[in-house]
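Structure, as structure tokens:
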Amino acid sequence: MSGGPAGVLLLTDRWQARRPLAEVVAGAVAGGVRWVVLREKDLPRAERAALAAELRAILAEAGGTLIVAGPDPLGGDAVHLPSAGPYPPPRLGLVGRSCHDRAELARLTTEDYATLSPVYPTSTKPGYGPPLRPDGLGALIRHSPVPVLALGGVRSPGQVAACVEAGAVGVAVLGAIMRADDPEAAAATLTAAANAASRTRPGRPQPSSATTTQARRETPSATTEEER
């Protein structure tokens, strides 16, 4: 698996979804979303694995990728890990990590991408301090060794554009699509904003996740046990 998430990354939450989760994801994919993180960690593994297979099939039809939250890929090859661990990350086709500050970014080793949050006020990211806002996001991105997606409170095209202009390769959203009356239209609006901002953004290019990851994997001493 090459590359990593860009544009709009959808995080699932069936408790907030206004329709069955598979239906919401199908609508988001129809609206242009190609990356989905399956959360639903409260489900028994067998049920979660069955849901992963269902969503993976929906994404596969559009050339998309399902990423599973946590170290167990549930039959796939892509995971998104919390900032707390595990360290080092498992060696899979695609590994992402949730980060919130410069210290957590510094702990990245072989991850392919990271999310930074919260960028805007949100009830789903309590306990991580005040929102970064685009300026704080941009300052942290400058210290990230991997591409970054902005997470937390991203709801509008203007917010998407501001995050991309700050240096993010995309945005990770939950409520903006999960709670939408029309998930396809919501996804299409946010995806169009991300694409437009990416085309017009000046400044330094984002590092290639495949190249960056390979280079760091070839440097065994990049991170010491003390630093972890």
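Please give the net charge around Leu51, taking every other residue with its beta carbon less than 15 angstrom from that of Leu51, where Lys and Arg add +1 and Asp and Glu add -1. For residues surrounding Leu51, the net value is 0.
Sorting the segments 21-31, 143-153, 72-82 by their residues' average number of neighbouring beta-carbon atoms within 10 angstrom, most packed first, yields 143-153, 21-31, 72-82.
So, with a 1.4 angstrom probe, what is the percent of accessible area on region 53-109 that is carbon and sulfur?
Carbon and sulfur atoms account for 54 percent of the accessible area of region 53-109.
Using a ≥ b ≥ c from the Cα gyration tensor of region 1-113 (square roots of the eigenvalues), is it rounded, prolate or oblate, where a/c under 1.5 gives rounded and otherwise the larger of a/b and b/c decides, a/b for prolate? It is prolate, given that a/c is not under 1.5 and a/b is the larger ratio. Rg then Dmax, both in Å and based on the Cα atoms of region 47-115: 12.8, 38. Placing unit charges on each Cβ (+1 for Lys and Arg, -1 for Asp and Glu) gives region 41-143 a dipole about its Cα centre, and among Thr109, Ala50, Leu94 the Cα reaching farthest toward its positive end belongs to Thr109.
How much net charge surrounds Asp181 when only other residues with a Cβ under 15 Å from its Cβ are counted (Lys, Arg +1; Asp, Glu -1)? Neighbour charge sum, excluding Asp181 itself: +1.
The values are calculated or read from the model by the stated rules, or taken from the named source; none is laboratory data. In this text the structure is predicted, and so the values were computed from the model without any measurement. Here Cβ is always computed from backbone atoms with ideal geometry, including for glycine, and neighbour counts include all displayed protein chains. Only protein heavy atoms, including side chains, enter the accessible area calculation; ligands, DNA and RNA are left aside. Shrake-Rupley method; radii C 1.70, N 1.55, O 1.52, S 1.80 Å.
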